[in-house]
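What follows is one structure encoded as structure tokens, with my remarks underneath.
The values are calculated or read from the model by the stated rules, or taken from the named source; none is laboratory data. Predicted model only: the values in this text are computed from it and were never measured. Positions of Cβ are generated from backbone atoms using ideal geometry, with glycine treated the same way; all protein chains shown enter the neighbour counts. Note: accessible area is taken over every heavy atom of the protein model, side chains too, but ligands, DNA and RNA are not part of it. Shrake-Rupley method; radii C 1.70, N 1.55, O 1.52, S 1.80 Å.
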Amino acid sequence: MAPSLDDESSLFNFVVRDGNGVKGIVDSGISKVPRPYIQPPAEQINKKNASKCEIPPIDLSKLDGPEHDEVANQIVRAAETLGFFQVVNHGVPIQLLDTLKQTAHNFFGLPAERKAVYRKEVSPSPLVKYGTSFVPEKEKALEWKDYISMAYTNENEALQQWPMECRDVALQYLKTSHEMVKKLLDALMANLGVELDDSNIDAFIGKKMVNMNFYPTCPNPELTVGVGRHSDMGTLTILLQDGIGGLYVKVPEDIDMEKKGEWVEIPPIPGALVINIGDMLQIWSNGRYKSAEHRVRTTSTKSRVSIPIFTSPQATQKVAPLPQVVEKDGMAHYREFLFSDYMNSFFGNAHDGKKSLDFAKVSFS
């Protein structure tokens with residue numbers, strides 16, 4: 001039964017507790033955005049004022065040839081400035097990317113009860129979580145997004161526990177992107193004086209998760225956000241976006257680039273993957289690399305999907321700025337911590353720009 005849009009507690013139960021998600025509200029035939037989804041004016045995204053990010057994608061096939069150093073420098077430069085870049089010739093088959101997008105649409109098109117079995121409170125697997133918004137219990141305004149998240153431990157557990165509707169294609173995505181992730185991390189770490197090998201790579205990307213995000217059509221996109229302002233907590237995020245667009249990144253204030261402090265749209269490029277720097281790379285690099293503050297707009301014309309892979313250290317990993325970087329810089333800007341403690345802080349708060357990093361910042365007062 002459709003909820004009363006005016007009764008906020010019944011709406012919350014319908015969307016969150018009963019597993020209908022935002023899609024359930026849209027399917028009930030709404031003509032306006034329910035009040036809990038209306039963002040304060042400062043958080044609303046004005047599409048007319050935003051410009052597109054015109055930086056061309058990086059061709060990763062050239063990392064294997066004579067232009068290796070030049071391409072590695074492009075990766076480093078992107079990490080030091082915007083914290084976001086796009087890559088082509090990345091080794092993930094284009095046909096797989098198309099299948100992923102269709103699979104995401106198919107999954108979210110399932111009846112609510114089929115998806116609701118994976119709600120955090122009842123999921124048969126600790127690896128799989130279906131939800132909506134980010135931390136609905138903590139948010140002043142909810143985000144216009146449903147998602148399924150699948151944590152990777154090993155192939156057997158994934159085959160047994162991930163939803164059968166998206167399991168195989170999500171696993172393929174994870175496997176075929178691994179070589180690319182290693183190459184990107186290799187370039188970024190080499191620039192910091194760290195040589196990656198099989199003995200130390202898990203310290204940086206030992207934990208992986210595949211999400212499928214669904215942003216249903218919205219009657220008043222200008223009032224809502226698909227995802228609020230935030231940076232990702234991990235190491236590197238690999239994102240497949242569809243052709244609809246709506247991903248915005250904030251140009252940092254403290255870098256030598258045009259449009260400082262402005263939001264720019266990352267336009268979809270057919271066959272490309274979007275890479276963004278997470279908080280852990282900002283911390284290991286002692287602030288040289290910038291985790292990208294980003295957000296997502298909703299749309300009134302078509303439902304949008306995106307499929308990120310989140311890579312991060314294991315929960316038990318200690319994280320701190322790399323000693324060789326601190327030696328050059330003269331001081332550490334972040335303290336040492338356990339990654340599990342950072343995760344608890346990150347998921348214990350609503351999205352709020354790059355405030356997640358405050359957990360690790362060294363205070364010089």
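Assorted remarks:
- Acute angle (nearest 10 degrees) that the helix 94-108 long axis makes with the longest principal axis of the chain, alpha-carbon atoms: 40
- The amide H of residue 58, built 1.01 Å from its N in the peptide plane, has 86, 87, 88 as neighbours under 5 Å, considering only residues 5 or more places off or on other chains.
- Backbone geometry of the stretch 313-319 corresponds, through the Karplus equation with coefficients 6.51, -1.76 and 1.60 at θ = phi - 60°, to 3J(HN,Hα) couplings of x, 5, 4, 8, 6, 7, 10 Hz, x marking Gly and Pro.
- Both radii were evaluated on the Cα set of the chain; the Rg over Rh quotient, with Rh as the Kirkwood radius, amounts to 0.95.
- Taking a sphere under 13 Å around the Cβ of residue 160 and counting the other residues whose Cβ falls inside, with K and R at +1 and D and E at -1, yields a net charge of -2.
- Once both labels are positioned 7 Å from their Cα atoms along Cα-to-Cβ, the gap between residue 64 and residue 113 label points is 5.0 nm.
- Using θ = phi - 60° and Karplus 6.51 cos²θ - 1.76 cosθ + 1.60, couplings along the stretch 193-201 (whole Hz; Gly, Pro as x): x, 10, 9, 7, 8, 4, 7, 10, 5
- Sequence-distant aspartates and glutamates (8 or more away, or on other chains) whose Cα lies within less than 12 Å of residue 115: 18, 146, 165
- Angle in degrees between helix 167-190 and the longest Cα principal axis of the chain, rounded to the nearest 10: 30
- Reach of residue 318 by Cα under 19 Å, taken over lysines that are not fewer than 8 positions away in the same chain: 207, 208, 361
- The lysines whose alpha-carbon is closer than 23 Å to the alpha-carbon of residue 259, local same-chain residues fewer than 8 away aside, are 47, 48, 52, 250, 290, 354, 355.
- Residue-count net charge about residue 195 - beta-carbon cut-off 13 Å; Lys, Arg +1, Asp, Glu -1: -2
- Neighbours of residue 71 by Cβ distance under 14 Å: Lys/Arg scored +1, Asp/Glu scored -1, total -3.
- Acute angle (nearest 10 degrees) that the helix 68-80 long axis makes with the longest principal axis of the chain, alpha-carbon atoms: 60
- Amide H to amide H distances under 5 Å link residue 334 with 362, where only residues 5 or more positions off or on other chains count and H is placed in the peptide plane.
- Ignoring the sites themselves, the chain has its longest run without GluC sites (Glu not before Pro) in a DSSP loop having at most 12 other Cβ atoms within 10 Å at 259-335.
- Where 199, 291 fall by accessible area, highest first, once all protein chains stay in place (1.4 Å): 199, 291
- Ellipticity estimate at 222 nm from DSSP helix runs (n ≥ 4, -39,500 (n - 2.57)) divided over the chain, nearest 500: -8000 deg cm²/dmol
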